[in-house]
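First comes the structure, then the notes that go with it.
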Amino acid sequence: MRASRPCRLALLLLAVAAAAGGHDFRRDFDVVWGEGNARFRDGGREVELSLDERTGARLQSKQRYLFGRFDLEIKLVAGESAGTITSFYICSGGARHDEVDFEFLGNASGEPYLLHTNIFSDGRGEREQQFVLWFDPTAGFHTYSILWNPHNVILYIDGVPIRVFRDNAARGVPFPARQPAHVFASIWDAEDWATQGGRVKTDWASAPFVAAYRRYNVSTTACVWDEGGGRARCPPAASWMARRMDWWSWMTLSWVRMNYMVYDYCDDRRRFPHGAPPECDIPIGRS
């Protein structure tokens, strides 16, 4: 007997909630590159991705999503990590893809990591912002979050907003609102640019380089893309769908920018000699 549409939707939501509640990387992700360099721990609740001279590793979520809040705890490569990139991002794929990136650029032992962020919409990127962190990301796990709804994309670290990209389609700035995206986690070698513009190369004598991931959370905080129906199935009472930056969030974001931002594409006159992209003209804290 075929279940009714409401029943099928309820079953889908229950299945998604149950899968995410267990935080099982083996169930929720495929290893799409470097299978031998992905080691699952604690019954699949934690995964270690490693990089050696042969290969790195990449996970890709089995589900695609159109809007959501994606939380992931990461502990970065300790010690010598120059030339490496540890990442967490969402990406739709395709030539005109949408993408939101956390990329951690490794460094020589004792030097801080650089957090490289970027946002692509309709295939256009070049929206890099970089930060140093106010803690040691190798000493323990920290939560990195991507909030993506029809109004804005907000990046958080341990609940602290560090970046926002708002829907300014009315001003001619494409916003990622149409293409469902996979969630990715990876580690790879980018010695040609990752550390001091490629001046510091990967020390393979220190390999393997290992980053750990845990507590991937998406159970009630994302709209699952129905591949057969061609639409998103959102959980009930999804308050995050309407979330915008409030006054306190803007104050916190300004503090992060003032103290920890080291690069903002909006201020790069060499790259944009004829004026910054249009979204840069909108003052911080205003829609």
Completion exercise
The number of residues in the range 232-287 that are out of contact with any strand residue (DSSP E or B) (no Cβ under 7 Å at 6 or more places or on another chain) and at pLDDT below 90 is 11
Exercise for the section: Would you be able to say whether some residue in the range 105-120 is farther than 23 Å from residue 265 by Cβ and among the polar types (S, T, N, Q)? Expected result: yes
Handout entry: Looking only at the range 131-180, and only at residues there that are of a type in the set (Lys, Arg) and over 16 Å from residue 240 (Cα atoms), the one that is modelled with the lowest pLDDT
Key = 171
Exercise for the section: Filter the range 189-221 for residues that are at pLDDT 95 or above, among the hydrophobic types (A, V, I, L, M, F, W, C) and in contact with a Lys or Arg (Cβ under 9 Å, 6 or more places away or on another chain) and give the result. Expected result: 210, 211, 212
Exercise for the section: Could you list all residues from the range 92-115 that are surrounded by 19 or more Cβ atoms within 10 Å (Cβ to Cβ) and either of a type outside the set (Gly, Ala, Ser) or touching a Leu at 6+ places or on another chain (Cβ under 7 Å) (or both)? Expected result: 98, 99, 100, 101, 102, 103, 104, 105, 107, 113, 114, 115
Completion exercise
Within the range 77-95, residues more than 16 Å from residue 209 (Cα to Cα), part of a loop (DSSP other than H, G, I, E, B) and in contact (Cβ under 8 Å) with a residue 60 or more places away in the chain come out as 92, 93, 94
Handout entry: Neighbours by Cβ (under 7 Å, 6+ apart or cross-chain): first from the range 54-74, among the aromatic types (Phe, Trp, Tyr); second part of a loop (DSSP other than H, G, I, E, B)
Key = 65/180; 67/149; 67/150; 70/218
Exercise for the section: Could you please find all residues in the range 50-99 being among the hydrophobic types (A, V, I, L, M, F, W, C) and more than 23 Å from residue 233 (Cβ to Cβ)? Expected result: 51, 57, 74, 76, 77, 78, 82, 85, 88, 95
Fill in the blank from the handout: Filtering the range 222-281 down to residues that are outside any strand (DSSP E or B), under 26 Å from residue 183 (Cβ atoms) and among the small types (Gly, Ala, Ser) yields 228, 229, 230, 237, 238, 239, 242, 249
Handout entry: Failed condition for residue 170, given (1) within 27 Å of residue 225 (Cα to Cα); (2) among the small types (Gly, Ala, Ser); (3) free of Cβ contacts under 8 Å to residues at least 12 places away in the same chain; (4) in a loop (DSSP other than H, G, I, E, B)
Key = (4)
Practice task
Among the residues of the range 222-259, count how many are exposed (fewer than 15 other Cβ atoms within 10 Å of the Cβ) and acidic (Asp, Glu).
Solution key: 2
Handout entry: Residue ID - farthest from the chain's Cα centre (by Cα), chosen from residues in the range 41-55 that are of a type outside the set (Lys, Arg), closer than 26 Å to residue 202 by Cα and not in a strand (DSSP E or B)
Key = 53
Problem - The lone exception for residue 186 - which of (1) without any contact (Cβ under 8 Å) to a residue 40 or more places away in the chain; (2) in contact with a Lys or Arg (Cβ under 9 Å, 6 or more places away or on another chain); (3) among the polar types (S, T, N, Q) it fails - result: (1)
Handout entry: Qualifying positions in the range 150-164 - farther than 16 Å from residue 254 by Cβ and crowded, with 20+ Cβ neighbours inside 10 Å
Key = 153
Completion exercise
Across the range 96-128, the tally of residues that are touching a helix residue (DSSP H, G or I) at 6+ places or on another chain (Cβ under 6 Å) and assigned to a strand (DSSP E or B) stands at 0
Fill in the blank from the handout: Going through the range 174-195 in order, the residues found to be out of contact with any Leu (no Cβ under 7 Å at 6 or more places or on another chain) and crowded, with 20+ Cβ neighbours inside 10 Å are 175, 176, 181, 182, 183
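The values are calculated or read from the model by the stated rules, or taken from the named source; none is laboratory data. Owing to the predicted nature of the structure, the values given are computational and were not obtained by experimental measurement. Neighbour counts are summed over all protein chains in view; Cβ atoms, including those assigned to glycine, are modelled from backbone coordinates with ideal geometry.
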